[in-house]
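Peer 1: The structure that follows is given in the form of structure tokens.
The values are calculated or read from the model by the stated rules, or taken from the named source; none is laboratory data. The model shown is predicted, which means the values in this text are computed figures rather than measured ones. Neighbour counts are summed over all protein chains in view; Cβ atoms, including those assigned to glycine, are modelled from backbone coordinates with ideal geometry. Areas reflect the complete protein model, heavy atoms only, side chains present, ligands, DNA and RNA absent. Shrake-Rupley method; radii C 1.70, N 1.55, O 1.52, S 1.80 Å.
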Amino acid sequence: RATAPGHAFAPDSPWQQELEDNFPFVETEDQMAAIAAVKQDMEQPVPMDRVIVGDVGYGKTEVAVRAAFKAVQDGKQVAVLVPTTLLAQQHLATFAERMVGFPVTIRGLSRFTSASDAKEILSGLRHRLLQTGVQWKQLGLVVVDEEQRFGVEHKEHIKAMRSHVDVLTMSATPIPRTLEMSMAGIREMSTILTPPEDRHPILTYVGAQEDKQIAAAIRRELLRDG
């Protein structure tokens, strides 16, 4: 990767500053350091391969939002890969909310996307990302959330895309191989250890049907001494 030609993104624009000023929270020191490191990587002519490690709610997504916005301003496409439909919906809402008012097209694609919408989205991109023979018009940045939750086949596709495209991986629980590669200097790593100010515990609402499924799963585990 270090010898592969990559795209050197332009320095921050006034729009970048405007987007960042609209952030409704105070950035932590760790978060700012991670953002600065990502931008520095992106401005180099070598493809970025950086892992952002931090607990849930510590501000990893905002790092990705700013990197994505920087990429699209250079006329590049950005792909955000997530392992679940719920995460896909959450990220879609966050990115759309943060980039409202800017000329950026943000679309979500998951198994819940209708066939007609999927066809329209894919014709705009060229092809679905985790399939063989992917052809994007101007892919410049790939953001991978929770890499350890993707299957082996998907990881191989992600790996195949790394050679010329900037890659930003976010993880609350990085796999040992990722940590090892970071320690060896193969992949750069930024760690966000500081919780945001006034951070509250995350409450997750579980509906009645899901409640029954969870209870059944717990009972199964207890029966098998799991």
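Peer 1: Please determine, by comparing only the residues of the range 1-52 that are crowded, with 18+ Cβ neighbours inside 10 Å and of a type in the set (Gly, Ala, Ser), which one is nearest to Phe102 (Cα to Cα).
Peer 2: Out of the qualifying residues, it is Ala34.
Peer 1: Output the number of residues of the range 200-226 satisfying the condition of being farther than 28 Å from Ala34 by Cα, in a loop (DSSP other than H, G, I, E, B) and at pLDDT below 70.
Peer 2: Result for the range 200-226: 4.
Peer 1: Please go through the range 2-41 and give me each residue that is under 17 Å from Thr94 (Cβ atoms) and either in a loop (DSSP other than H, G, I, E, B) or touching an Asp or Glu at 6+ places or on another chain (Cβ under 6 Å) (or both), ordered by number.
Peer 2: Once the filter is applied, which keeps residues that are under 17 Å from Thr94 (Cβ atoms) and either in a loop (DSSP other than H, G, I, E, B) or touching an Asp or Glu at 6+ places or on another chain (Cβ under 6 Å) (or both), the range 2-41 yields Asn22, Phe23, Pro24, Phe25, Glu27.
One line per residue, one yes/no per condition, for (1) more than 17 Å from the chain's Cα centre (by Cα); (2) modelled with pLDDT under 85; (3) open to solvent by less than 20 Å² (accessible area, probe 1.4 Å):
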| residue | (1), (2), (3) |
| --- | --- |
| Gly54 | no, no, yes |
| Glu62 | no, no, yes |
| Ala71 | no, no, yes |
| Ala88 | no, no, no |
| Val100 | yes, no, no |
| Ile106 | no, no, no |
| Phe112 | yes, yes, no |
| Gly124 | yes, yes, no |
| His127 | yes, yes, no |
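Peer 1: I need the full set of residues from the range 143-199 which are modelled with pLDDT of 80 or more, among the hydrophobic types (A, V, I, L, M, F, W, C) and not in a loop (DSSP other than H, G, I, E, B), in order please.
Peer 2: Selection gives Val143, Val144, Val167, Leu168, Met170, Met189, Ile192.
Peer 1: Let me spell it out: the conditions are (1) at pLDDT 90 or above; (2) exposed (fewer than 12 other Cβ atoms within 10 Å of the Cβ); (3) not basic (Lys, Arg), and Thr132 meets all of them except one. Which number is the exception?
Peer 2: For Thr132, the exception is condition (1).
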